Amino acid sequence: MSASVSHVFLRDGSGGGLILADLYDAILPKHLDDHEQHWKPLIASQATEHGHWDWRKKVSYYSAQLSYQSFAIECSGMTQGLMIVNTMKRGRIQLQANKHLVYVEYLEAAPWNRGSTPTHKGIGTVLVAAAVQLSIDEGNKGRIGLHSLPQADSFYRDRCGMTDLGPDASYDPKVPLRYFEMTEAQATSYLKGRS
């Protein structure tokens with residue numbers, strides 16, 4: 001498996017300066033190895049809502065399906081973030097109902113990039129920008145959607161400026177995660193705010 005690489009910038013968690021990083025348009029074996037060897041031991045000691053995610057299984061399952069694409073961010077020789085998206089979902093907001101969008105299935109930052117003292121800042125925002133750009137490339141004008149784990153609700157609502165459509169019982173009746181969607185106008189604003 002191969003991947004194209006583009007340069008992106010993260011922020012240093014201690015000083016706030018910009019750090020050059022690589023954005024891969026596919027999750028490679030090296031990224032999965034980093035997750036298993038370096039992320040998992042730390043995740044096991046934290047109370048996270050996604051601690052059970054097995055990225056190797058997810059990549060194996062989704063990589064065989066044409067409507068899915070994965071992304072990874074690497075910086076300082078280490079995988080800093082992972083994401084899997086689906087390019088065949090449709091919008092729900094009335095303005096874009098039934099129009100195609102890019103749906104973020106899974107997004108996770110390395111454990112040292114979360115909390116009050118992250119090593120690198122901007123993992124989530126760079127990955128969301130990658131989803132928006134893919135949506136543009138697919139002809140979907142930046143429209144994206146996702147179901148958020150409760151710990152990330154404020155990130156998608158406040159930092160990304162997405163529309164909160166409330167808890168979605170159709171996703172999982174036992175745990176109705178909130179559904180968020182980004183419109184074309186919100187996507188344009190989001191990308192401008194990052195430039």
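The values are calculated or read from the model by the stated rules, or taken from the named source; none is laboratory data. Values in this document were obtained by computation on a predicted structure and should not be read as measured data. Methodologically, a virtual Cβ is constructed for each residue, glycine included, from the backbone with ideal geometry; neighbour enumeration extends over all protein chains shown. Areas reflect the complete protein model, heavy atoms only, side chains present, ligands, DNA and RNA absent. Shrake-Rupley method; radii C 1.70, N 1.55, O 1.52, S 1.80 Å.
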Please build a GNM for the chain, connecting alpha carbons under 10 Å apart, and tell me which residue among A130, A169, A26 fluctuates the most. A169
For helix 123-137, what angle does its Cα long axis make with the longest principal axis of the chain, in degrees from 0 to 90 and rounded to 10? 50
Protection proxy (average C-beta count within 10 Å per residue), highest first, orders 106-117, 178-189 as 178-189, 106-117
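Given the rule -39500 (n - 2.57) for each run of at least 4 DSSP H residues, summed and divided by the residues of the chain, what is its mean residue ellipticity at 222 nm, to the nearest 500 deg cm²/dmol? Mind showing how you got there, number by number?
Details: 5 runs with 45 residues, N = 195.
Taken over the chain, the calculation gives -6500 deg cm²/dmol.
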At a probe radius of 1.4 Å, what is the per-residue accessible area of V175, in Å² to the nearest 10? 80
Relative packing of peptides 37-45, 147-155 - highest average C-beta neighbours within 10 Å first: 147-155, 37-45
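Need the full-extension length gain, R56 to R11, defined as separation in residues times 0.36 nm minus the C-alpha distance. One decimal, nm. Mind dumping the intermediate values first?
Numbers: separation 45, 0.36 × 45 = 16.20 nm, distance 2.75 nm.
Additional length available on full extension: 13.4 nm.
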Equivalent ellipsoid, the stretch 108-195 (semi-axes from 5 times Cα gyration tensor eigenvalues, Å): 20, 20, 11
Straight distance only, please: which lysines reach the Cα of K192 with their own Cα at less than 18 Å, same-chain residues fewer than 8 apart left out? K141
With a 1.4 Å probe and all protein chains kept in place, how much accessible area does H50 have, in Å² rounded to the nearest 10? 20
Pick out, from A72, L107, Q94, the residue whose Cα sits farthest towards the positive end of the charge dipole of the stretch 1-111, with +1 on the Cβ of Lys and Arg and -1 on the Cβ of Asp and Glu. Q94
Along the Cα-to-Cβ line of Q65, 7 Å from the Cα, sits a label point; which residues in the stretch 107-136 have backbone N less than 17 Å from it? 107
So, R0 is 41 Å and r is the distance between the beta-carbons of T48 and D137; what FRET efficiency does that work out to, to 0.05? 0.85
As an exercise, find the ratio Rg/Rh for the stretch 130-169 from alpha-carbon atoms, using the Kirkwood inverse-distance average for Rh. 1.02
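Charges at C-beta only: +1 for Lys and Arg, -1 for Asp and Glu. How large is the resulting dipole of the stretch 1-157 about its Cα centre, in Debye rounded to 20?
Numbers: 15 positive and 14 negative charges, 115 e Å.
I would put it at about 560 debye.
In terms of the Cα gyration tensor, with a ≥ b ≥ c the square roots of its eigenvalues, is the stretch 59-123 rounded because a/c is under 1.5, prolate because a/b exceeds b/c, or oblate? Let's see the in-between values first.
On the way: a/c = 3.61, a/b = 1.69, b/c = 2.13.
Since a/c reaches 1.5 but b/c is at least a/b, the shape of the stretch 59-123 is classed as oblate.
With viscosity set to 1.567 mPa s at 4 °C, what whole-number translational diffusion coefficient in µm²/s follows for the stretch 50-174 from Stokes-Einstein and a Kirkwood radius over Cα pairs? Before the final figure, lay out each step's value.
Details: Rh = 15.4 Å.
The diffusion coefficient I find is 84 µm²/s.
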To the nearest 20 debye, what is the magnitude of the charge dipole of the stretch 70-188 about its Cα centre, counting +1 on the Cβ of each Lys and Arg and -1 on the Cβ of each Asp and Glu? 160
For the chain, build the charge dipole from Cβ charges (+1 Lys, Arg; -1 Asp, Glu) around the Cα centre, then report which of S135, S60, H120 sits farthest towards its positive end. S135
In debye, nearest 20: dipole of the stretch 144-195 around its Cα centre with unit charges on the Cβ of K, R (+) and D, E (-)? 200
